[in-house]
Amino acid sequence: MFPHKILIATAALALAEATSAQQPPVKVNVLNVCAPSADEQKELSSALAKVPGKPVFSTDYEVARGRSTLDPSTPIPGMQPLPPGAVSAADWVRVRREFPDATLFSNVQYSFSVDSKNMVETLVLRVRDPKDLMQVSVEDSASAVASATAMLSTSTPVSRVKLERFGKSSVALARCSGVEGNPATDQSAYEPIFHAASSIMERYRDANGAPGTGSPGRGNLGQNYDQGESWQQKESVIR
């Protein structure tokens, strides 16, 4: 026997156990966005009901626009790597408005982005003094085969609703289509939630002065980029 080797092995095992004990456990939360529970449905409905029906803003606002190009060397979780030589870029517009001090929400941010395949519209409302609910976000999208004006001038159904909560996992609901070999999830029970979210998106899209909504003075987002129209000319739509 070799006692010194036994002592070394025992010490190594003890060190490994001590190191393992010091590492905090990893907790993974899996969201069932296709079929949220009854309690989660109530939370989603309750949060959407708290959004002011008639948007009233203070005089403060922020407008930004730009073009972002995805770095193909940077992996993004949940996204397939770009083919060699491929370039992915998107044009976007973002508008933020502040609510009066007495309201539950502190501000709302509307954003619209266009790339070669999709157009995505996102609305985020942030709670002023978060104790449980932190923010509400709703999103819709459409294929880029249509024009920005066509999408923004119609009521595109919301495809995703998400609640960020303080100290808790998120709650989300998304439209889920079937995949090959599996039927689509029956989401008819969630239509009232989707309908409420779509109504909020429609009201706040126009209230935030989204370009291309068809109101006087608002033009096609893509067309305005092509023509080089300055954003200063668009700022008047939210004043």
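The values are calculated or read from the model by the stated rules, or taken from the named source; none is laboratory data. Only a predicted model underlies this, so the values are computations on that prediction, with no experimental measurement involved. Positions of Cβ are generated from backbone atoms using ideal geometry, with glycine treated the same way; all protein chains shown enter the neighbour counts.
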Exercise. Hey, does the range 65-79 have a residue that's among the polar types (S, T, N, Q), part of a strand (DSSP E or B), farther than 27 Å from Cys34 by Cβ and out of contact with any Asp or Glu (no Cβ under 6 Å at 6 or more places or on another chain)?
Worked result: yes
Problem set entry | Residue check, Thr156 modelled with pLDDT under 95, at negative phi and assigned to a loop (DSSP other than H, G, I, E, B) | yes
For this session: Among residues belonging to the range 113-146 that are charged (D, E, K, R) and assigned to a loop (DSSP other than H, G, I, E, B), point out the one that is nearest to Ala64 (Cα to Cα).
Result: Asp115
Seminar exercise, completed: When every residue in the range 96-112 that is without any contact (Cβ under 8 Å) to a residue 24 or more places away in the chain and buried (at least 18 other Cβ atoms within 10 Å of the Cβ) is compared, the one farthest from the chain's Cα centre (by Cα) is Asn107
Seminar exercise, completed: Scanning the range 205-222 for residues that are in a helix (DSSP H, G or I), surrounded by 21 or more Cβ atoms within 10 Å (Cβ to Cβ) and at pLDDT 70 or above gives Arg205
Exercise. Hey, among Thr149, Thr156, which residue is of a type in the set (S, T, N, Q) and without any contact (Cβ under 8 Å) to a residue 60 or more places away in the chain?
Worked result: Thr156
Seminar exercise, completed: With criteria (1) more than 24 Å from Val56 (Cα to Cα); (2) part of a loop (DSSP other than H, G, I, E, B); (3) at pLDDT below 90; (4) not hydrophobic (A, V, I, L, M, F, W, C), Thr149 comes up short on (2)
Exercise. Before we move on, is Ala89 farther than 27 Å from Glu40 by Cα and either under 16 Å from the mean Cα position of the chain (by Cα) or surrounded by fewer than 17 Cβ atoms within 10 Å (Cβ to Cβ) (or both)?
Worked result: yes
Exercise. Are any residues in the range 34-55 surrounded by 11 or more Cβ atoms within 10 Å (Cβ to Cβ), among the aliphatic types (A, V, I, L, M) and over 15 Å from Val136 (Cβ atoms), and if so, which ones?
Worked result: Ala35
For this session: Quickly run through the range 159-187 and pick out the residues that are in a loop (DSSP other than H, G, I, E, B) and buried (at least 19 other Cβ atoms within 10 Å of the Cβ).
Result: Ser159
